[in-house]
Amino acid sequence: MNQRNHLGLLLLWVILGTALRFLRLESLPPWTDEFATIVFSLGNSFHSVPLDQVINADVLLQPLQPNAKAGIGSVINSLFQESTHPPVYFILTHVWMRLFSSIPDLASIWVARSLSAVLGVISIPVMFLFGSFAFRSPLVGQLAAAMMAVSPYVVFLSKEARHYTLIVLLVIASLSCLIKAIRDIQSRKVLSRWIAFVWIAINSLGVATHYFFVLSLVAQGLVFLILIWQQLRKNKSLLGQNYWRIIWVVVLGTLIGCLVWLPALQNIYGSEPTAWVSDGKPSLAPILRLLLWMMSMLFLLPSAFTNLPMVIVVISGITTILFLFWVIPKLLSGMQIQSQDTNARLLIHYLSIYIGSAIAFFLFFTYILGMDLTLAARFQFVYAPAVILLIAAGLAGFWQSVNQNISKVPPQAQSTVSKSFSLMGLLTKVQTIPQITVSIIWLMAFFGGITVLWNWGYLQNHRSDILAPIIHNKSQVPVLIATTHKHHGQTGRIMSLAWEQQKFLNSSINIQNWQFFFAHRNPITKDYTQAVDKLQAQLSQMPKPLDLWLVDFRAPIDLASQNCFSEQEYRQSAGEYRYQMYHCRR
């Protein structure tokens with residue numbers, strides 16, 4: 001295939017990837033982390049939302065209002081005071097939203113998400129370059145780009161106003177430098193100083209974008225430890241050679257780039273916004289979640305039990321298991337074929353070590369440190385590009401197995417095959433089976449991207465678009481939505497309900513007034529007693545009739561004294577929210 005054909009095929013992947021990322025970009029309402037992106041990137045603060053008092057939707061949504069006076073300094077200040085994230089992505093989003101948002105209106109979720117979508121599109125040609133460079137094979141590059149374009153996991157990340165598509169690009173860049181360094185060490189060449197400088201810059205930028213990038217660096221470090229051990233077995237003096245000295249410079253430079261953020265990292269552990277990762281108890285669930293997240297990097301069938309019939313979820317589960325039993329041997333066979341090349345064999349070996357090390361660290365944090373990093377699919381960005389690259393390598397090897405099969409066919413039969421192809425435009429079985437198989441696997445991945453596009457997959461967060469219509473359709477009187485509050489995470493969840501209410505205001509004449517109450521936990525006593533007392537006091541003064549909706553409310557409260565009585569039918573969960581409805585009368 002010539003260069004023009006490669007560019008044409010790559011353009012096709014980019015077009016498909018762009019469609020999957022930008023179509024229906026606003027179909028889901030923002031969830032709490034996306035609200036954090038918007039608020040902090042605008043240079044605003046969640047502290048402007050009053051606690052322990054009844055407020056209207058316009059007050060709750062005020063932090064989403066662009067502020068012409070807020071600059072990059074305001075973004076950094078808000079992050080360091082209220083968040084646990086480094087500032088690079090938020091600064092980029094600040095500039096992006098300044099370019100495309102208008103001051104009088106609330107911030108546009110389409111604009112906020114479009115930056116992530118654009119970065120997700122960029123990852124497609126970058127993955128082509130990564131695969132072509134890593135395996136020295138344009139075929140691997142094309143398949144890597146094809147999988148990156150439609151991978152349900154990557155499409156999911158690309159449709160959120162978060163920093164994960166940016167950090168995926170940085171992981172790819174850092175792994176490219178790692179592969180270059182390994183090759184130079186194997187051939188006893190000195191790594192270019194320019195590449196060493198770029199590698200340090202990428203690693204430092206990665207940590208400044210997401211602190212979990214450190215897990216990628218540690219996994220890379222383990223790859224080097226294995227390499228060092230192998231070198232020592234051959235000759236102990238090799239580690240003092242010039243080609244190792246430049247690696248120590250990279251390690252030192254990266255370490256300095258990480259230590260800059262040490263004070264911030266110390267404040268993360270045990271902080272309120274990160275406490276949710278410590279809620280779970282040790283079980284098999286984290287391992288099962290990791291398997292689900294890894295499968296979603298390849299394919300994803302309709303499985304969102306929040307908005308799909310259970311029979312579809314069950315059928316999807318059975319089909320997924322059957323497909324895995326069918327596809328895994330194909331990928332392993334393809335990797336075995338790739339391993340016949342020395343360069344590819346070493347690369348598969350070290351990429352496997354990298355992926356295994358990253359997963360081991362996730363399990364270490366989960367089972368030893370009590371921080372379940374498997375709870376969120378998005379954290380798996382650490383090894384996602386490496387997994388997709390290995391899948392592409394396996395597919396390329398399986399695709400190329402046609403050449404091995406043809407070489408076993410007698411020359412006369414090969415001539416017949418050639419004539420058949422030229423005359424009929426078809427391939428014999430020995431040629432078509434591997435290529436048809438690869439095409440089916442890619443089509444399954446593409447269908448997974450469609451699944452994400454229509455919000456049918458399990459890669460979802462809180463869905464206020466499911467709960468808000470329930471409240472709207474049930475309550476024919478004014479509504480008070482109350483929740484317990486620890487930090488801005490709870491503010492974002494209820495903010496999403498207020499965001500959805502705006503749609504009803506624009507489309508319905510008889511929309512009832514919604515008000516909100518955040519019962520803030522006492523930072524000293526760690527309970528909600530005072531906040532609940534304030535809620536009851538203000539509830540007693542509000543006009544009746546009134547419908548009270550307790551949403552994710554995690555504190556005892558006596559509502560019978562307020563003449564409020566629950567409706568059992570509306571005491572359940574929807575869209576990851578838990579809710580309970582009370583009718584309050586005079």
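Every read-out reported here was derived from the displayed coordinates using simple, explicitly stated rules and does not represent laboratory data. Computed from a prediction, not measured in an experiment: that's the story for all the values here. Note: ideal-geometry Cβ built from the backbone for every residue, glycine included; neighbour counts use all protein chains shown.
Taking 0.36 nm per residue of sequence separation and removing the Cα-Cα distance, the TRP261/ILE328 pair yields an extension gain of 20.1 nm. The listed peptides 193-201, 142-150, ordered by packing as a protection proxy, come out as 142-150, 193-201 (highest mean of other Cβ atoms within 10 Å first). Relative to the Cα centre, the charge distribution of the chain, modelled as +1 at Lys and Arg Cβ and -1 at Asp and Glu Cβ, gives a dipole magnitude of about 1940 debye. Arranged from fewest to most other beta-carbon atoms within 10 Å of their beta carbon, SER401, SER561 become SER561, SER401. The Cα trace of segment 56-106 gives Rg and Dmax of 11.7, 33 Å, the first to one decimal, the second as a whole number.
Ranked for footprinting exposure by Cβ neighbours inside 10 Å, fewest first, VAL155, VAL218, VAL387 give VAL218, VAL387, VAL155.
Approximating the spin labels as points 7 Å out from Cα along Cα→Cβ, the SER439-to-ARG136 distance works out to 3.1 nm. Summary value for segment 464-584: 31 percent relative contact order, contacts being C-alpha pairs under 8 angstrom separated by 6+ residues. Comparing ILE185, ILE246, TRP13 along the charge dipole axis of the chain, the residue lying farthest to the positive side is ILE185, per the Cβ-charge model. I'm spelling it out carefully: the read-out is Rg/Rh (Cα atoms, Kirkwood Rh), the candidates are [x] 0.99; [y] 1.02; [z] 0.96, and one was derived from this structure. Which label? So the structure-derived entry is [y]. Going by amide H atoms built from the backbone, whose H comes under 5 Å of the H on ALA574, apart from near neighbours? When sequence neighbours closer than 5 places are left aside, the close amide H contacts are TYR579. Whole-percent P(r), segment 167-245, all Cα pairs, 10 Å bins from 0: 18, 48, 27, 6. Amide hydrogen proximity for GLN515: with H placed 1.01 Å from N in the peptide plane, the residues at 5 or more positions away or on another chain lying under 5 Å are VAL479, LEU480, ILE481.
For the chain, what does the relative contact order come out to in percent, with C-alpha contacts under 8 Å and a separation of six or more? Dividing the mean separation by the residue count of the chain yields 18 percent.
Residue-wise HN-Hα couplings along segment 490-498, as the Karplus relation 6.51 cos²θ - 1.76 cosθ + 1.60 with θ = phi - 60° gives them from phi, are 5, 4, x, 5, 6, 4, 5, 5, 5 Hz; Gly and Pro carry x. Below 8 Å between Cα atoms, with a sequence gap of 6+, how large is the relative contact order for segment 26-111 in percent? After rounding, I find 35 percent.
Using the Cβ-Cβ distance between VAL198 and GLN53 with R0 set to 56 Å, the FRET efficiency from 1/(1 + (r/R0)^6) comes to roughly 0.60. Note on segment 464-584: dipole from Cβ charges, positive end direction compared against HIS520, GLN501, MET542; the farthest Cα belongs to HIS520.
Residue pairs exceeding 32 angstrom between C-alpha atoms, taken from LYS159/LYS189; LYS159/LYS503; LYS189/LYS330: LYS159/LYS189; LYS189/LYS330. Just so you know, the Cα atoms of segment 464-584 work out to an Rg and Dmax of 13.9, 45 Å.
Computed packing ranks the peptides 241-254, 76-89, 160-173 as 160-173, 76-89, 241-254, most packed first, by mean other Cβ atoms within 10 Å. Helix 3-22 axis versus longest C-alpha principal axis of the chain: approximately 20°, rounded to the nearest ten. For the listed peptides 466-479, 532-545, 484-497, a ranking on the average number of other beta carbons within 10 Å per residue, highest first, reads 484-497, 466-479, 532-545.
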